[in-house]
Each structure stands twice: as C-alpha cells, then as structure tokens.
Amino acid sequence: MLSLSEITGGYAKAQVLEGVSLDAAAGAVTALIGRNGVGKTTLMRGVMGLLPRMQGRISLDGAALGGLPTHARARAGLGYVPEGRQIFPELTVMENLAVGQRQPSRLWPEARLFALLPNLRDRRANAGRALSGGEQQMLAIARALVTDPRVLLLDEPSQGLAPMVVQELARVLRQLADEGVAVLLVEQNLRLTEAVADRILIMARGRIVHDDTAPAFRAAEDELRHRWLSM
Amino acid sequence: MDPLALFTLQVLNALSLSALLFFIALGLTLIFGIMRVVNFAHGAVFMLGAYCGVAAQTATGSFAASLLAAPLAGAALGLAFERSALSRLYAREHSAFLLVTFGLALALTEAIRLIWGADARQTELPAVLAGIVFVMDEPFPVYRLLLIGAGGLCWLLCWLGLQRTRLGLLLRAASQNPTMTAALGNDVGRVRAMVFALACALAALGGALAAPLLSASLGLGSNVIIDAFVIVMIGGMGSFIGTVAGSLLVGFAQTFGNFYVPELALGMTYALMITVLVLRPGGLFGRPE
C-alpha cells in the first residue's frame, strides 16, 4: 500500500532522516516506535509533503507521491492525524469534519462515523476548542476518516489521553485496519502499540533499525527495549 | 434646527461613512486572516475602483455599469497580482510581502496618473440618486442612504458567504491552520488567490461607490488605507465581526468629531485606536496569536 524507500531529509539546518524504508500494508496496523527525537514526526511530515527538503521514493499502490503538494497527497488517499491533534479551534465539530470533505464521505457517512465515535455526536455543534483532549483526538481521527483515506497516518494519538480513552482508540484503530485501511501509527505508548500493531518497527537516529511482527517483538521485547527505547 | 434631528442626520452620515470604510477594511482583514500579512496596495485598489467606475460611467452613461466594472477590474487585478507575485512570497519573511504590495500601490498610482491624468475626476449621479429626502423635516442626500444599504448588504452577503459556502469554510479553516487545511486535501494556494481577488473586488466596489461623494483623485488611496488600518487594528486583525465594529466606531468618531469638535477631529480616530489598544492589545475581537 504505502511504500517508503530510502527517505532522507529534514529541516533547513538539520538532516533528520538518514535513509528510511518501510511498507505499511493494507489491512494492517504498522507501528513505528523509538525514542524522542529519532525522526518519527519528521517522517510523517515528510510523507505528507510538509518538509522543506526530502529525497527518496514514496509511493501509494505503486503511484509515486514524491513530487506532489500536500493537498494532492491527501486526495491520493493519505489521511493525517498530526501530533498535537491540530483541530480547528474556532470551527464546530461538524465544520472541522467538513473541511476535508469535498464530497460526502462514501465510506464514513455520518451515522457510521458517530457509531464508531459516539462521543462526537453530542458535541457536533461545539467549537473545537471546547472539546476535551480525548474528544479532540477522536475529532482529529474522524476528520481524517471522512476523507476516505486508504492510508491513515497517526502521530502519537494517545498523547495526553486517559487510559480509558486509549482503550477506545485501540478499538477504533483495530477496526479501521480490519476494514482494509493501512494504518501507520507512531507511538510512545508501548501498551497501545502492542495491543493493536501487526508489525512493529523501531526507529533510531533517522533509520529503521528493527522491523518484525508484533509477536516477534514481544518475544525479544526486553532486549529491544533496553537497546533502542529506554532513556 | 432641532438638536434631535441634527443628531439623527449625523448618525446617518456616520453610518454611510462606516459603510464605505467597511468595503475596504473587510478585504484587508480577510487577507490578513488567511495570509498573516498586510496588503499595502489595498488603498490603491480602492482608488483604482473609483477611477474605473468613473471611466465606465463616462463610457456607458450608466452608474450601474460603474458598480459592475470596478469590482471586475479589482478582482482581475487581484487575481493576476496574487498568482504572479504574492504566491511566490508566502514562504519568505513578511517584509518581502510588505515591500511588494507597497510597490504595487506606487505602480497603480502612477498607472492611474498616466491613464487618467493628475486632476480629480467626478461624474454626475443619476437623478434618482442625486436627490434628497427629508429625515425629520431635514434634507438628507438619497445617495448616502444608498451607501448605508450597500454596506449592510455587503455585510450580510459576506457573513453568509463566510458561514455557508465552502470557500468561506476553507477561508476560516486556513486562517486557523493552513497546514492542516492542506493536509485534508484542500489547495490552500487556490483559496488564497480567490480570497485576495474577492477582497480586491470589494475594495474596488467601495471605491466606485465613493467616487460620486469624494471624487476620484490620486490621494484617495493613501487617505482611505490609513482609516482601514485603524479599523482592522481596533476590531482585531482577521476578525469579521471586529471589522464591522471597527468600521462603525471609526465612522462615528470621524463624523461626530468633525461636527461637534472639528479642531480635534483629526485626532479622534487615533485617540480611539490608542484607547482600544491600551485596553485590549489584540483589538476588540482579536484572537491571541
């Protein structure tokens, strides 16, 4: 589905990505973990075309995305749930959802969306800034879903959420993957990662240093944690 | 003269001035909202609208034609300028944008001087608009009532446009977070171009409406842009409702200042701005950045 090959790049004065290759398959949750500052968020921004400079190959079902501007990548099928949620604070929940809908969603009509994320139904007329952190996160996910993405990129969606809400999030991500969406999840929360991921990739110093199935990760977890994740 | 009638006439005068100022200030604040930059050329576009209106009326004999030609010319100029020059500058620092729009203001002024000469130009209003009506037994120009109506209509249509149309939604979204607006599949560059063109059309229409009252002259642009800046500062940069409030405050301050304390009139606008900014540095309806 989404395929990255030898991605390098970063910001004006800092090279962050040193050659990242990965595949996010349809119908699976691919999790990307790693310490702070290894380039996970930079990679997500790069996939969306939000980095000042980047080289390498990005393709979606074989079609190259590399030269496209951000809005064209979204239209090609990338849904983006950024770090810090970034909902529109002065728009209502319904308006937040409408921004990404050039036409009504085929896969996520209102009834189905609110069945998946029931908390949003009662908040539909509220401004984004009036929502709780968990509600804002659900809105950020819903806002990406109604663009009917084939790939959903999520950057630390569990940040700042109560454990109950994280469970809810895990359920939603699992359901999306089961319906055929390729989910690429950047997370610090290992419990969430292990609960939903089919594959777990570890990133360090701008590269992927480990790529295996979730059961294999669990089998070698102590060593991997010690080597790549602990502070 | 009955003081109440006098007061009422001044209220109507103030409303008509507020309406004219609203046309230019609204565009300025919409552009600031979505681009985070000030368009120094906006006064020149207002002036261009006045000249285009006069030219269209001279050519066709119809005042209505001037109200059609001016916004079309403004929109065309705005679109061409945004696409050819401004769209290359968003990634740069703001000073580049200020210099380029200031350059456009100078170029427009000189172009107008070349085409229409240095003398002020004015046309006759059609008889039905040139007349007077009696308000509380005092005469009042019909045209000023028309301006109040036009300002109100503009306010209503723009408000509906912002709240009910897709372009309005994208304008509000991009004002709050352009990156996410693009990441949800919207071409923000196109939204910016359309907003800029619309804002220029509004300013030019304001100029054409002002021409019968103020006449089209080369100083028109720089006079009116200062009032528009003050309005946008008072209302809060980028705020629609703030621009409505700011236009009314400045219109009333200038009209009543001129009438009751003419020796202080020039300072009224600035006193108003300073008072508001001391009490609320972001303007009346400004969002904290």
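The values are calculated or read from the model by the stated rules, or taken from the named source; none is laboratory data. The shown structure was predicted, so the numbers you read here are calculated from the model rather than taken from an experiment. With ideal geometry, Cβ positions are generated from the backbone for all residues, glycine too; neighbour counts draw on all protein chains shown. Each accessible area value is taken on the protein alone, full model and side chains, heavy atoms only, with ligands, DNA and RNA left out. Shrake-Rupley method; radii C 1.70, N 1.55, O 1.52, S 1.80 Å.
Residue check, A:THR147 against (1) open to solvent by 60 Å² or more (accessible area, probe 1.4 Å); (2) within 14 Å of chain B (Cβ to nearest Cβ), all met but one. Which one?
(1)
Kindly provide the set of residues from segment B:162-173 that are open to solvent by 10 Å² or more (accessible area, probe 1.4 Å) and not in a loop (DSSP other than H, G, I, E, B), ordered by number.
B:LEU162, B:GLN163, B:ARG164, B:ARG166, B:LEU167, B:LEU169, B:LEU170, B:LEU171, B:ARG172
Within segment A:155-171, identify whether any single residue is open to solvent by less than 30 Å² (accessible area, probe 1.4 Å) and either at positive phi or among the β-branched types (Val, Ile, Thr) (or both), and answer yes or no.
yes
Out of the helices (runs of 4 or more DSSP H) lying entirely within segment B:174-289, which hold 2 or more residues that are crowded, with 24+ Cβ neighbours inside 10 Å, touching a residue at least 60 places away in the same chain (Cβ under 8 Å) and hydroxyl-bearing (Ser, Thr, Tyr)?
Ranges flagged: B:240-260.
So which residues in segment A:177-200 are in a loop (DSSP other than H, G, I, E, B) and farther than 17 Å from A:ALA25 by Cα?
Within segment A:177-200, A:GLU187, A:GLN188, A:ASN189 qualify.
Scan segment B:78-132 residue by residue and report those that are β-branched (Val, Ile, Thr) and surrounded by 12 or more Cβ atoms within 10 Å (Cβ to Cβ).
Once the filter is applied, which keeps residues that are β-branched (Val, Ile, Thr) and surrounded by 12 or more Cβ atoms within 10 Å (Cβ to Cβ), segment B:78-132 yields B:VAL100, B:THR101, B:THR109, B:ILE112, B:THR123, B:ILE132.
Test each condition in (1) within 14 Å of chain A (Cβ to nearest Cβ); (2) modelled with pLDDT of 95 or more for B:LEU157 and report the one that comes out false.
All conditions pass for B:LEU157, except number (1).
Those residues that are among the basic types (Lys, Arg) and either touching a residue at least 40 places away in the same chain (Cβ under 8 Å) or open to solvent by less than 40 Å² (accessible area, probe 1.4 Å) (or both), I need them from segment A:117-141; list them, please.
Correct list: A:ARG129 only.
Is it the case that some residue within segment A:185-193 is within 14 Å of chain B (Cβ to nearest Cβ) and either open to solvent by 50 Å² or more (accessible area, probe 1.4 Å) or in contact with a His (Cβ under 6 Å, 6 or more places away or on another chain) (or both)?
There is no residue in segment A:185-193 that is within 14 Å of chain B (Cβ to nearest Cβ) and either open to solvent by 50 Å² or more (accessible area, probe 1.4 Å) or in contact with a His (Cβ under 6 Å, 6 or more places away or on another chain) (or both).
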